[in-house]
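Undergrad: Quick one: the structure is below, and I'll ask about it shortly.
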Amino acid sequence: MSHDEARKIRLIMSLRGRGITDRAVLGALERVPRELFVDPAFLDQAWEDRALPIAAGQTVSQPFIVAFMTQALGLTDRTKVLEIGTGSGYQAAILARIARRVYSVERHGELLQVAEKRFAQLKLHNLHTRHGDGWKGWAEQAPFEAIIVTAAASEAPPALLEQLGEGGRMVIPIGASSDVQRLMRYRRQDGEILEEKLLDVRFVPLVRGAPRAEGWQ
Ligand code: SAH
């Protein structure tokens, strides 16, 4: 067994010990090669339970948070999911291994290009991306049964709540970037929006305004 394989098994076991029981989620974490999504300088840490820096001052979340948020979405192979903040593409690849179709929006053109190459390499044909502002969601593809936001917002973006279908779940960190943020789950049930606090977390901010086309910033 390779060193990476042993680390991977240790990580999956530790996730199970911390309440990740959804077999589809554990299976996806096992199958998606995290080493493909991290900066080569951090390759030796790809299977550690840590957040790692990616380009443009962004981060790929620690595997526990990826697993926890994915589990909280309650996905099946019939679900249509929207992700805001493609970043490295790791979370999107996990979603694509479980759900029917994944739509992912990223404001950084360069990050998106790198992520798209990885998706092609992994033949994730049920994953669609858009360069744009995640505050607006992806109206043409709405409604979604699940929405995941992987950057912290000051409030639940109204457009995303609108694009959540009946019975749909949205998982999103809420709070200012300098504070501890709360990971929240919103559900649309009988036309009402119910909210529930899940965990304290720390994410990069969900930026407002036009998407960036050039330059790492
Ligand atoms: N899910 C990613 C995590 C990336 S970090 C992964 O698995 O690697 C958060 C990402 O959100 C960054 O790539 C950042 O550029 C993006 N982001 C921030 N504000 C955004 C916005 N308004 N619209 C779309 N993407 C945004």
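Undergrad: Test V32 against the criterion of being near the ligand (Cβ under 9 Å from one of its atoms), modelled with pLDDT of 95 or more and crowded, with 20+ Cβ neighbours inside 10 Å, and give yes or no.
TA: No; evaluated as a whole, the condition is false for this residue.
Undergrad: I've got another one for you. Which of (1) more than 11 Å from the chain's Cα centre (by Cα); (2) surrounded by fewer than 24 Cβ atoms within 10 Å (Cβ to Cβ) is the odd one out, the single condition L75 does not satisfy?
TA: For L75, the failing item is (2).
Undergrad: Return the only residue of G74, G57, G85, G27 being within 28 Å of L160 (Cβ to Cβ) and modelled with pLDDT under 95.
TA: G57
Undergrad: If you don't mind, another one. List every residue pair whose Cβ atoms sit under 6 Å apart, with the two residues 6 or more apart in sequence or on different chains, where the first one lies in segment 38-53 and is without any contact (Cβ under 8 Å) to a residue 24 or more places away in the chain and the second, anywhere, is assigned to a loop (DSSP other than H, G, I, E, B).
TA: R50/Q62; A51/S61; A51/Q62; L52/V38
Undergrad: From the list T70, T59, which one is within 30 Å of D200 (Cβ to Cβ), of a type in the set (V, I, T) and within 9 Å of the ligand (Cβ to nearest atom)?
TA: Every option except T59 fails the conditions.
Undergrad: Return the only residue of E145, E162, E196 being without any contact (Cβ under 8 Å) to a residue 40 or more places away in the chain and either among the polar types (S, T, N, Q) or out of contact with any helix residue (DSSP H, G or I) (no Cβ under 9 Å at 6 or more places or on another chain) (or both).
TA: Residue meeting the stated conditions: E196.
Undergrad: Do we find that K117 is over 18 Å from E30 (Cβ atoms) and free of Cβ contacts under 8 Å to residues at least 24 places away in the same chain in this structure?
TA: Yes; evaluated as a whole, the condition is true for this residue.
Undergrad: Out of (1) part of a loop (DSSP other than H, G, I, E, B); (2) more than 12 Å from the ligand (Cβ to nearest atom); (3) in contact (Cβ under 8 Å) with a residue 24 or more places away in the chain, the odd one out for F64 is which?
TA: Exception for F64: condition (1).
Undergrad: Go through segment 46-56 and count every residue that is of a type outside the set (G, A, S), more than 7 Å from the ligand (Cβ to nearest atom) and touching a strand residue (DSSP E or B) at 6+ places or on another chain (Cβ under 8 Å).
TA: 2
Undergrad: Ok, one more. Let me spell it out: the conditions are (1) surrounded by 15 or more Cβ atoms within 10 Å (Cβ to Cβ); (2) more than 14 Å from I20 (Cα to Cα), and I65 meets all of them except one. Which number is the exception?
TA: (2)
Undergrad: If you scan segment 87-120, which residues turn out to be assigned to a loop (DSSP other than H, G, I, E, B) and either under 18 Å from L52 (Cβ atoms) or within 10 Å of the ligand (Cβ to nearest atom) (or both)?
TA: G87, S88, G89, R107, listed by residue number.
The values are calculated or read from the model by the stated rules, or taken from the named source; none is laboratory data. A quick note: this is a predicted structure, and the numbers were derived from the prediction, not measured. Note that we place each Cβ from the backbone using ideal geometry, even for glycine, and neighbour counts take in every protein chain shown.
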